[in-house]
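See below for the structure under consideration.
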C-alpha cells in the first residue's frame, strides 16, 4: 500500500462497518438505527474530544472528566428549568424559542463547567504535572469529590430532564421514522467538530496547541507561557464535556449522579481507538462505537458493550496508537 | 546461605546487604510488631464476642491481602491498573457459581472453584497485559478500567449464570456451614463462622508470605528497578514489558484467591459487592492511606477505611441531632465518600508515602542522625 492509500484505510473500515449490518436488518430499521447511532457517536465525540485533547496536550489522564460531564448535565438541567420558569420558552410552540432556551442552557453549562475546570486544573492538577502516577490518583480524587458534590447539591436520586416541545416526536420521511432530537444532536456535533477543527487548523492559538501536543518544552522555549495554555485547554475540554453532558441528558431524558462514570468508559474507548490527542480520531472512533453499539444492541442486546470492547482489542492489536496520529 | 570460610568482603554488595538484613531479622522491632499483629488477628474471636467486630476484622484481613496484591502492581512495579477488582470479582463469582448456581457443595468443588478462579484470572491478566502494556503503561490504566466495567455489566446481565443484580447466595460444605458447631473452646462456641474465620486468616497469611517472597525475589528486584528507572532496566537487558506482565498476572491470581475468601465469608456474591468501581476506589484509597510499595501498608489502609466506615452511621446520627431538618446537612453527613475523596487528594499531596512509608522514613532518618 502506498501512503496515500494507507491514509484512506480508516475511512474504508468505517464504511465497511457502516454498511455490513444491512444484510441482517431491513433498510428502514437500518436507517433509524443509523441515525440514533450517529447521534450517540456525536455525543460521545463531545466527551471524548475534550478527554483526548487534554491527554494529548497536558498528558494528563483526566479521570475526573466523567464528573465534569455529570456537572454539565445537572447545570444544563437546572438552568433549563429556571429559564423555563421565567420565560416559558421550553413549552412554547415557536421552534426558535425552543432552540434558544436549549442553546442558552448548554452555553451556561459550558461556561460554568469551564470555570469549574479552571478551578480543578489550578487547584488539583497543576501541582502534580509530570508524574503520571500521582496525576491518576489526583484525578480519581477529584472525580470522587465532584461526583459527591453533585449528590450533595442536587440529591442522590434520578431527575427527569425537561425537553423542549419541538424536539420531541419524529418526522415521517418516506415511511421511515426519524426522531427529531438525534438529528439535532448530529448537526450540533458536526458544527462543534468543524469549529474545533478550524480553531486548531487556522488560528494562531490552534497552532500553538498543536505544537504543544508535539512538544511542550519547545513551545515554552519559543516564549509562550505553556501553563496558561494548559489551563485554557483544560477549560475547553471541560466545557465540551459539559455540553456533551447536557445534550446526552436531553437524549436519554434523565439524569443521575453516576451517569458520568458510565459514559467515561465509552469516552476512554473512543479516545484510545481514535488516537489520543486527535480530534478527527475522536470523531471516527465515536462514530464507530456509536454505530456498532446501536446495530449490535438491536441484533443481540446483551452483546452491545462486548462489541465495543472487541473493537478496542482489534484496533489496538493492529494500530497500537489508535487510528489517527496526535495533533490532527 | 552463609559459608563459614568466606569473609564479608567476598560478597557482592547485594549479597552483603541481604546478609545483614537476614542477620538483623529477629532483632528488629518490626519483626515483633508483625508477630503481635498476627497474634491479634488470631485471638480476635476469643476477645470480642460480637459478630460486628469479627466481621470488620475479617474484612480488614481480606482487604489487606487484596490491597497488598494491588501494591505489587502499583508500588513495586509502578504501573497503574484501575481494574484490579475484576480479579477479586472472578474469585467471588467462581466460588458463588460453584456453590450456589451449580449447587456442588463439597470441599473438592470449593478447591476446584479456587483453582479455576486462579487459572481464569491468570490467563485474562496475561492477555490484557500483553496487548495493553505493549504500547504505553498509561494505556494499561484505561484498558483495565474498561474491562472491569465490561465485567460488571456482564455480571449484571447474564442472569442465568450470575443471578443478575440480585446475585447468588449459597451454602458452604461441612465445617464451614453456618449451622455447624465444634463445641466450646475458651468461652466461645466454635461455629462454622469461626472455622471459616481461621481458614481465611490462614489463606491470607499464606498469600501475604507469598507476596513478600515474590517482591524480595530476584524478579521482584527487577520490578523495583523498572519502577525506579525503566530506560536503565531496558539498557541492562531486561525485557521490562514481560516482567510487568508477570507482576500483573501474579497479583491477579492473589486477588482472585482473596475474592474467593470474601465469598466464603459473606456467602453471597453480587456485582455491587464484588466487582464495582466503588470497591476499586476503596482499594486505591487503602493503598494511598497505607503507603505504596510497602505491602504492610495494606493492613493499615484497610483497617483505617473499614473502621471509619463502621463508625460512620453513628456520626450521621450525631449530625442529624445537631442540625435537624436541613436536607443539605444530612446529605453532607451521608456522603462520606466525599470526605474520603478530599482525604485522598490531601494524602497524595502531603503524605505521598502513606502511613507506613512516612513512619519508615521517620525512623530511618532518626537512625541516620
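No value in this document is a laboratory result; all are computed from the given coordinates. In this text the structure is predicted, and so the values were computed from the model without any measurement. Glycine gets a Cβ as well: all are built from the backbone with ideal geometry, and neighbour counts include every protein chain shown.
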Subject >> Contour minus Cα-Cα distance for residue B:346 and residue B:272 (0.36 nm per residue) >> reply: 23.9 nm
**OP:** Could you check the simple spin-label distance between residue B:235 and residue A:217, using points 7 Å along Cα→Cβ, in nm with one decimal?
**Re:** 1.5 nm
**OP:** Kindly identify chain A as rounded, prolate or oblate by the Cα gyration tensor criterion: order the square roots of the eigenvalues as a ≥ b ≥ c, call it rounded if a/c is under 1.5, otherwise compare a/b with b/c, prolate if a/b is larger, else oblate.
**Re:** oblate
Original post:
Between residue B:221 and residue B:363, what is the FRET efficiency for a Förster distance of 25 Å, r being their Cβ-Cβ separation, to the nearest 0.05?
Top reply: 0.65
Subject >> Estimated FRET transfer efficiency when R0 is 45 angstrom, pair residue B:315-residue B:228 (beta carbons, to 0.05) >> reply: 0.65
**OP:** Determine the shielding of peptide A:264-272 by partner chains: average, over its residues, the number of Cβ atoms on other chains within 10 angstrom of each Cβ.
**Re:** 4
**OP:** Any chance you could check the Cα centroid distance between the range B:81-99 and the range A:19-75 for me, in angstrom?
**Re:** 30 Å
**OP:** Rounded to the nearest 10 degrees, what's the angle between the helix B:51-71 long axis and the longest principal axis of chain B, both from Cα atoms, 0 to 90?
**Re:** 40 degrees
Subject >> Förster radius 30 Å - calculated FRET efficiency between residue A:104 and residue A:258 (Cβ-Cβ, nearest 0.05) >> reply: 0.65
Original post:
Going by a ≥ b ≥ c, the root eigenvalues of the Cα gyration tensor, does chain B fall in the rounded group (a/c under 1.5), the prolate group (a/b larger than b/c) or the oblate group?
Top reply: rounded
**OP:** Treat each spin label as a single point 7 Å out from the Cα along the C-beta direction, and report the residue A:15 to residue A:160 distance in nm.
**Re:** 4.5 nm
Original post:
So for the pair residue B:242, residue A:300, with labels modelled 7 Å out along Cα→Cβ, what separation do we get in nm?
Top reply: 3.5 nm
**OP:** Post the alpha-carbon centroid distance, the range B:233-305 to the range A:156-186, in whole angstrom.
**Re:** 44 Å
Original post:
Taking Cα atoms, how many degrees apart are the long axis of helix B:137-157 and the longest axis of chain B, rounded to 10 and kept between 0 and 90?
Top reply: 20 degrees
Original post:
Sorted from fewest to most neighbouring beta carbons within 10 Å, what does the list B:319, A:247, A:218 look like?
Top reply: A:218, B:319, A:247
**OP:** May I ask you to sort B:353, A:180, A:302 by Cβ crowding, counting other Cβ atoms within 10 Å and putting the fewest first?
**Re:** A:302, A:180, B:353
Subject >> Listed residues A:185, A:67, A:16, most fluctuating in chain A (Gaussian network, C-alpha, under 10 Å) >> reply: A:16
Original post:
Fewest first, what order do B:261, B:92 take by the number of other Cβ atoms within 10 Å?
Top reply: B:261, B:92
Subject >> Per-residue mean of C-beta atoms belonging to partner chains within 10 Å, peptide A:313-320 >> reply: 3
Original post:
From the Cα gyration tensor of the range A:241-319, with a ≥ b ≥ c the square roots of its eigenvalues, which class applies: rounded if a/c is under 1.5, or else prolate if a/b is larger than b/c, or else oblate?
Top reply: oblate
Original post:
Contour minus end-to-end for residue A:24 and residue A:126, with contour as 0.36 nm per residue of separation and end-to-end as the Cα-Cα distance?
Top reply: 31.6 nm
Original post:
Can you pull the mean other chain C-beta count within 10 Å for peptide B:147-154?
Top reply: 4
Original post:
Which part of the range B:192-236 falls in the paramagnetic zone of residue B:33, meaning amide N under 11 Å from the point 7 Å along Cα-to-beta-carbon?
Top reply: none
Subject >> Cα centroid separation - the range A:77-110 against the range B:161-192, whole Å >> reply: 58 Å
Subject >> Percentage relative contact order, the range B:51-278, counting C-alpha pairs under 8 Å, at least six apart >> reply: 41 percent
